[in-house]
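The values are calculated or read from the model by the stated rules, or taken from the named source; none is laboratory data. Everything numeric here is computed off the predicted structure, so don't read it as measured data. Virtual Cβ from ideal backbone geometry, glycine too; neighbours counted across all protein chains shown.
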Amino acid sequence: MNNKIFKKIIKQIKKYDTIVIARHIGPDPDALGSTLGLKEIILHNYPNKQVYAVGSPASKFRYIGNVDKFNDNMYNNSLLILLDTPDLKRVDGLDPTRFSYSIKIDHHPFIESFCDIEYIDDSASSASQLVIELAITNKLTINANAAEKLFIGVIGDTDRFLYEYTTPKTFDLVSRMIKDTHLNFTSLYEPMYLRPMKEIKFQSYIAGNLIVTEHGFGYIKLDQDILDKYEVDAATAGNMVNNFNYIDGVYSWAVFSYDKNNDNIRGSIRSRGPIINQIAAQFGGGGHMYASGVRLSDFNKVDKLVMALDKACEEYHVKK
């Protein structure tokens with residue numbers, strides 16, 4: 001099945017001279033690593049093509065690479081490859097229906113279909129893993145620059161191969177890429193995990209003020225005053241959710257922070273047992289079973305979501 005659909009994807013890549021690669025709003029290392037990595041692969045193997053990896057820039061992840069600025073001329077006679085994005089509303093800055101042809105490659109659970117070719121493998125660790133598989137299956141050369149970006153993408157979504165959707169296939173594909181490119185992967189960890197002291201102090205604030213319910217749901221609500229005090233933004237606050245994976249007695253946890261740029265509440269939710277993506281979907285969000293996100297209009301809706309997640313922890317504890 002993979003080989004057949006991958007061949008269809010490569011056929012379209014060969015067909016079009018202009019290719020636009022896009023991803024979801026609020027990019028993380030996987031969204032950026034997969035799009036920028038695929039751009040490098042296409043340019044290396046098909047050097048006469050015009051390839052653009054577009055989307056809003058993310059200063060926090062500038063070390064991964066620079067994105068291209070999208071303009072309406074890019075719709076003309078172009079192929080769109082959309083990565084790491086399950087639904088239309090989360091596409092960053094463009095309309096997939098306006099392209100001559102569109103392809104979606106994603107590892108999130110299916111939400112809706114809106115591209116001409118859709119390849120979804122929700123057993124894959126990351127969109128970056130799928131790009132590696134696409135290249136290796138079709139004997140495309142992964143150059144050193146692409147390998148760096150794709151490795152960062154896999155590491156970002158697996159937290160250094162920590163999460164359970166890291167599979168033997170993940171290790172096999174990454175290992176083959178490292179071997180083929182002689183990638184010095186240890187050098188890539190420092191820019192990913194180096195933190196300024198203000199973020200360390202902010203992490204301490206979260207740890208000291210995390211509310212844990214009797215059923216094992218941990219959460220914190222962060223308003224603009226707190227973010228200003230520690231000189232951090234909502235994205236930084238959201239990323240902190242990954243630093244609290246192993247608290248005894250906490251089965252699910254979330255960080256809710258005010259995002260002044262979008263005038264809403266950004267929620268990042270994680271779990272070590274309760275399934276959370278279905279609950280996030282009820283509040284307009286979504287994601288993976290154990291890693292999801294949501295955008296809410298105010299903190300009153302946060303309280304309702306907290307109640308639903310607390311109930312999920314209670315039911316999980318009873319089953320356990």
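For the range 62-80, which residues satisfy the criterion of being surrounded by fewer than 19 Cβ atoms within 10 Å (Cβ to Cβ) and assigned to a strand (DSSP E or B)?
ASP68
Could you please tell me which pairs satisfy a Cβ distance under 9 Å, a separation of 6+ or placement on different chains, a first residue in the range 8-36 that is assigned by TED's automatic domain parsing to the domain that holds ILE81 and on the phi > 0 side of the Ramachandran plot, and a second residue that is hydrophobic (A, V, I, L, M, F, W, C) and not in a helix (DSSP H, G or I)?
GLY26/ALA58
Residues in the range 104-124 that are among the acidic types (Asp, Glu) and modelled with pLDDT under 95: how many?
The number of residues fulfilling the criteria is 2.
Test of understanding: among ILE120, ILE142, which residue is in the same structural domain as ASN66 (by TED's automatic domain parsing) and farther than 20 Å from TYR46 by Cα?
ILE120
What are the residues in the range 156-175 that are surrounded by 15 or more Cβ atoms within 10 Å (Cβ to Cβ) and of a type in the set (A, V, I, L, M), if any?
Of everything in the range 156-175, those that are surrounded by 15 or more Cβ atoms within 10 Å (Cβ to Cβ) and of a type in the set (A, V, I, L, M) turn out to be LEU173, VAL174.
I need the helices (runs of 4 or more DSSP H) fully contained in the range 132-218, keeping only those with at least 3 residues that are within 19 Å of LEU38 (Cα to Cα) and of a type outside the set (D, E, K, R).
Output list reads 144-158, 168-181.
Restricting the range 55-75 to residues that are out of contact with any Leu (no Cβ under 7 Å at 6 or more places or on another chain) and of a type in the set (Phe, Trp, Tyr), which is nearest to PHE185 (Cα to Cα)?
Restricting to residues being out of contact with any Leu (no Cβ under 7 Å at 6 or more places or on another chain) and of a type in the set (Phe, Trp, Tyr), the top hit is TYR63.
Would you mind listing the helices (runs of 4 or more DSSP H) fully within the range 230-320 where at least 1 residues are touching a Cys at 6+ places or on another chain (Cβ under 9 Å)?
Output list is empty.
So GLU199 fits all but one of (1) among the acidic types (Asp, Glu); (2) under 21 Å from ARG266 (Cβ atoms); (3) surrounded by fewer than 16 Cβ atoms within 10 Å (Cβ to Cβ); what number is the exception?
The single condition GLU199 does not satisfy is (3).
Looking at the range 227-234, is at least one residue among the small types (Gly, Ala, Ser) and modelled with pLDDT under 95?
Yes, because at least one residue in the range 227-234 is among the small types (Gly, Ala, Ser) and modelled with pLDDT under 95.
Just one of (1) of a type in the set (Val, Ile, Thr); (2) surrounded by 17 or more Cβ atoms within 10 Å (Cβ to Cβ); (3) within 30 Å of PRO47 (Cβ to Cβ) trips up ILE178, so point out which.
So ILE178 meets the others, but not (2).
For every residue, the table says whether it meets (1) within 22 Å of TYR193 (Cα to Cα); (2) at pLDDT 95 or above; (3) assigned to a helix (DSSP H, G or I).
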site: GLY33; (1), (2), (3): yes, yes, yes
site: GLU40; (1), (2), (3): no, yes, yes
site: LYS60; (1), (2), (3): yes, no, yes
site: LEU82; (1), (2), (3): no, yes, no
site: SER102; (1), (2), (3): no, yes, no
